[in-house]
Amino acid sequence: MFPKHKAHDKLKAPRGLPGVFGNAMKDVRRGAIFALLLLSSGCAHTSPPTEKSRITEYLDPQTAMTVRVVSEPFVYGRDAPELAVNARDYLSVGAVELDNMGKHRIFLALVSWSTIDRARVGAASPTLPERLEVQTAGSTREWAVTSHHPRELGAGVAVLEPPVERFGESWVELRASDIRALAAAPPDAIDVVVEGVRQHFTLWRRGDAALSEFAASLPADIPAARGRRRHVGP
């Protein structure tokens, strides 16, 4: 009833299948090679990650001025043993640039804050500085404070936010060359004059990288009221 197969008969694949499988495998290989080429090409042309800028730039919503400010200020501290033993007064010091429709001005902002609880000890809030003195390269540079009200200068939003509530701000206008000089040799201490009395603040936290980046971004020079130079030493 059923046809008999000879012993030497072999099973044969239907015609055409080997060609189909072969072509499919070739397509797979081509696709894999193409994907590898794309991957290697992408890796070769991918830009290296850039370092995050240490300068914050924004449009002030209150004054419409463009503000550029260092994100890592220097912080200087001063002991006040007559008020507290383990607490100090501080100054956060950072460079700020204000751009009013192409008119640029550069400032050093000094933000006054303290970890001393003056209310507990019955002491008044500290008076803001009138003058800044910085010693560099054997001489002392002196600058009068331009304003204690940055809103008048064009900075409506507070800058250099301290870890506790600020007492106030003292802004000193500088030249681009002054900023570059400070970035080249950041002072380990600064003096401020308050009601005719000099107060000495020593370095507590550095901000070299941010100030150097800020200085490098400035143009050749931006005019400002010059600080007086007083020679120190022989």
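Quick look at the values:
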| quantity | calculated |
| --- | --- |
| Spin-label zone in segment 94-117 - amide nitrogen under 16 Å from a point set 7 Å from the Cα of residue 204 along the C-beta vector | 94, 110-117 |
| Long-range HN-HN contacts of residue 136 with modeled amide H, under 5 Å | 141 |
| Per-pair calculated FRET efficiency, R0 = 35 Å: residue 135 and residue 86 via Cβ, rounded to 0.05 | 0.80 |
| Residue 117-residue 220 FRET efficiency (beta carbon distance; Förster radius 35 Å; 0.05 resolution) | 0.15 |
| Efficiency of FRET from Cβ geometry, residue 161 and residue 127, R₀ 22 Å, rounded to 0.05 | 0.50 |
| Segment residue 147-residue 56, extension gain: residue separation times 0.36 nm, minus the distance between their alpha carbons | 30.6 nm |
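Values in this text are rule-based calculations from the coordinates and carry no lab data. These numbers were taken from a predicted model, which means no experiment stands behind them. Positions of Cβ are generated from backbone atoms using ideal geometry, with glycine treated the same way; all protein chains shown enter the neighbour counts.
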